[in-house]
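Working notes, beginning with the structure itself.
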Amino acid sequence: MTQAVPTQQADDERVRITRWDFAPGASTGFHVHEYPYAVTYLTDATMKLIDKDGKESIIEMKAGGSYSRPKGVAHDVINAGSAPMAFVEVEIKL
């Protein structure tokens, strides 16, 4: 599977900011978030999320949409759409 491309934009004592770019079918790979985080979409997106138990869900997001989640989230994020997708993830260290 193609890997999503992370570009770290900032990383200091307060936050880590990463832009993620996904070709169609690209994946982050399974990971666990060590900090609470917020995501803002730069493009429209159709994502497949696979949780730690293997449960799959499809999420539709519009460009400019955002959400936040607590630390400890374990998942894989896959671009399930036919177009590239991108978002910015802000992990909150404080």
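In square nanometres and to one decimal, what's the mean projected area of the convex hull around the Cα atoms of region 5-92?
5.2 nm²
Taking a straight line from the alpha carbon of residue 62, these lysines sit under 26 Å away, with near neighbours fewer than eight places off in the same chain left out: 48, 52, 71.
Taking a straight Cα-Cα cut-off under 15 Å and skipping sequence neighbours fewer than 8 places away in the same chain, the aspartates and glutamates within cross-link reach of residue 55 are 76. The simple spin-label model puts a point 7 Å past each Cα toward its Cβ; for residue 5 and residue 57 those points are separated by 3.0 nm. Here the contact order of the chain, divided by its residue count and restricted to Cα pairs under 8 Å and six or more residues apart, works out to 40 percent.
Throughout, read-outs are computed from the coordinates displayed, never taken from laboratory work. Given the structure is predicted, the values throughout are model-derived calculations rather than measurements. Don't worry about glycine lacking a Cβ; one is built from the backbone with ideal geometry, like all the others, and counts go over all protein chains shown.
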